[in-house]
1. A:Arg15 to A:Ser176: extension gain in nm, 0.36 nm per residue of separation minus the Cα-Cα distance?
2. Roughly what angle does helix B:106-116 make with the longest principal axis of chain B, taking Cα atoms, 0 to 90 degrees, to the nearest 10?
3. Name the shape class, rounded, prolate or oblate, that the alpha-carbon gyration tensor gives for chain A, where a ≥ b ≥ c are the square roots of its eigenvalues, rounded holds for a/c under 1.5, and otherwise prolate holds if a/b is larger than b/c and oblate otherwise.
4. Taking the Cα of A:Glu198, stepping 7 Å toward and past its beta carbon, and measuring to each backbone N in segment A:1-31: which are under 18 Å?
5. Would you calculate a helix-derived [θ] at 222 nm for chain B, using -39,500 (n - 2.57) for each DSSP H run of n ≥ 4 and dividing by the full residue count, to the nearest 500?
6. Net charge within 9 Å of B:Glu65 by Cβ-Cβ distance, Lys/Arg positive one each and Asp/Glu negative one each, not counting B:Glu65 itself?
7. What figure, in Å² to the nearest 10, do you get for the accessible area of B:His103 with a 1.4 Å probe and non-protein molecules left out?
8. Given axes a ≥ b ≥ c from the Cα gyration tensor, I'd like to know whether chain B is rounded (a/c under 1.5), prolate (a/b larger than b/c) or oblate.
Amino acid sequence: MSQFFTQYFNFDVMREHFGEVLVGFLQNLLVFAVAALLALTWGLVLALLRQLPGKKLMPIRFVTIAYIDFFRAVPILIIILMISGGVPFLSFLPQEVRIPHWFGRPDPFWYGVAALVIVYGAFTAEVYRAGIEAVPKGQMEAARSLGMSHFQAMRHVVVPQGVTKIPAPMLNELISLLKDTTLISVIALSESVLVSREVLSERLNSSSLTLTAIFFVIIILPLARVVDKLIARQQLKITRGSHIEVA
Amino acid sequence: MAESMLSLKGIQKRFGDLAVLKGVDIDIAKGEVICILGPSGSGKSTLLRCVNLLAPPEEGEIFVEGHDICKGPGSGAGEQSWQLDYVRQRVGIVFQQFNLFSHKTALENVTLAQEKVLGRSKAEARAKATELLERVGLGDQLGQYPETLSGGQQQRVAIARALAMEPHVMLFDEVTSALDPELVKEVLDTMRELAEEGMTMMVVTHEIGFAREVADRVIFMDGGVIVEEGPPAEVLENPKEERTKQFLGLVLDR
C-alpha cells in the first residue's frame, strides 16, 4: 500500500517537475482553444449542410450524414496516427501544409488539432442539430412565408434560437475535447501526458501523472458545475414556458 | 367581374397515401373576402399552405395576379425559385400558432423580413413597423417579447408582420383557434378593419359570425372538395347540401 502511495503521490517528484508538467498542460490548453474554436465552427457548418432542404441537395445531406457517422465511429487515436503518418506524404499538397509549422507550433500540434477538429466537428454537429430541431417548425415556416431564403431563416431565426437550447450538452463535448488533447502525446507533442511519462521513465515514479490529472480536475470540475447550472436553468425555462402557454 | 387576384384550378394534394385535396377550384377577385368553413381534416389549411407554396400541390394550377406559380413545381418549400419569390412578395399568411420569432421583440418581429428581404433601411423598417403595430393597437408594446404578450396580442403582431411586406392577398389559417374566447374579438376586429380597407383575404375559420358579417363569399369544404359556395346569407342561412346543414347544425348549436 505504501509502495503504491510513493509511486503515485511522491510530493517531491511533483514539486521538482511541477514547472515542466505545467508547461505541458498549457500546451493542452492551447490545443484545446484552437481546436474548440474550429470544431464549433465546423460543427455548425456540418449541421447546416445536414439541414439543407429539397430533393436536389440530397447528395450533400447524404455525404454530410456519412461524414458525421463515420468520424463518430472511428477512434480519435487512429485518426491522429493516420493524419500524422499520411499527410506528410500527400505530395500534391504544398510543403507548408504537409508539414505545418504555423505560428511557431510544431507539426504534431497541427496534426493533432486537425484530428480533433475533424472528429469533434462531427460530435458538435449532432449537438447543433438537436438545438436546431428543438426549434418549432412554425418558426422556419413563418420566416419562409415572409420571403426569407432557407439560409436567411436559419441565420436570423432558427440558429439563434437553437443555440440557446444547447449550452449544456455543448459544454460536455468541450470537456471531452479538452481531455482528448492528451491523445496527441502519441505523435510526440510535448503536452502534459508525454512530459509526465518522460518524468516517469527518468525518475521511475508516476507522481507526475497524478499531477497532470490534478491539473485537469482543477480546470474541468468548475465546468461540470456550470453544466449543472445550465441544465437547471433550462429546466426552469421549460416549466415556465409551458406555464405561459397554458395561461 | 372584377380583376382576378387569385385563381386555383384543379388543386390536388396528397400526403403519402392520403389524398387531402381532390381537385379544388376557386377564383378570388381583387378586394374579395372569402371565408372557408369545414370540419377538421377537410383540407382547408392545406389549401392555404398550397397557395403560398409551403406545401406545393401535386396537381393543378395556381394563378396569382395572372401568373401561374406552379409551373415546373420543384420539390417545394425548400427551394428558392422565382415562383417562391413571386408568391411570397404578394401573399402573406397568418398562422394558428402565431409563430412569432420568440427571440425578437414585437418591433423586431415586424422589421426583420423588411430589412433582410425587401432591403429596407433600419429606420424605414422601424417606421413602417411602428405604424403597423399602432394600427393593430399595440403601439405601447413595441419592446415586448412574444412570451410576455397575450395570445391575442401575439396574433396581432403576426398580422402586422405579414402586412409589413405589403402583400396583395392575405391568408388566415384558423388564426383565432388557439386563443382564449375573450381574446378572439380583438383579432377579428383587426381582420374586419383590414377587409374594410379593401384587402383581398382568404380566411379559414370556425367563426361563423365573422363569416356572416365580413365575407363576400363563403366556401364549405369537406373531404378535400368544395361542397357548397355562395354569399354568406345563402350558404349559412339556407344551405342546399346535406353535409353543410349537418356541419352548421353542429357548429351553431354550441
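The values are calculated or read from the model by the stated rules, or taken from the named source; none is laboratory data. On a predicted model such as this, the values are computed, not experimentally measured, just so you know. No Cβ is skipped: glycine too gets one built from the backbone with ideal geometry, and neighbour counts run over all protein chains shown. Each accessible area value is taken on the protein alone, full model and side chains, heavy atoms only, with ligands, DNA and RNA left out. Shrake-Rupley method; radii C 1.70, N 1.55, O 1.52, S 1.80 Å.
1. Numbers: separation 161, 0.36 × 161 = 57.96 nm, distance 2.77 nm.
Contour length minus the Cα-Cα distance gives 55.2 nm.
2. The answer is roughly 90 degrees.
3. Values: a/c = 3.20, a/b = 1.56, b/c = 2.06.
Taking the square roots of the gyration eigenvalues as a ≥ b ≥ c, chain A is oblate.
4. A:13-31
5. Details: 8 runs with 90 residues, N = 254.
Only helices count here, giving -11000 deg cm²/dmol.
6. Details: positive: B:Lys30, B:Arg90; negative: B:Glu3.
Value of the local net charge: +1.
7. For B:His103, solvent-accessible area is about 50 Å².
8. On the way: a/c = 1.80, a/b = 1.26, b/c = 1.42.
Verdict is oblate for chain B.
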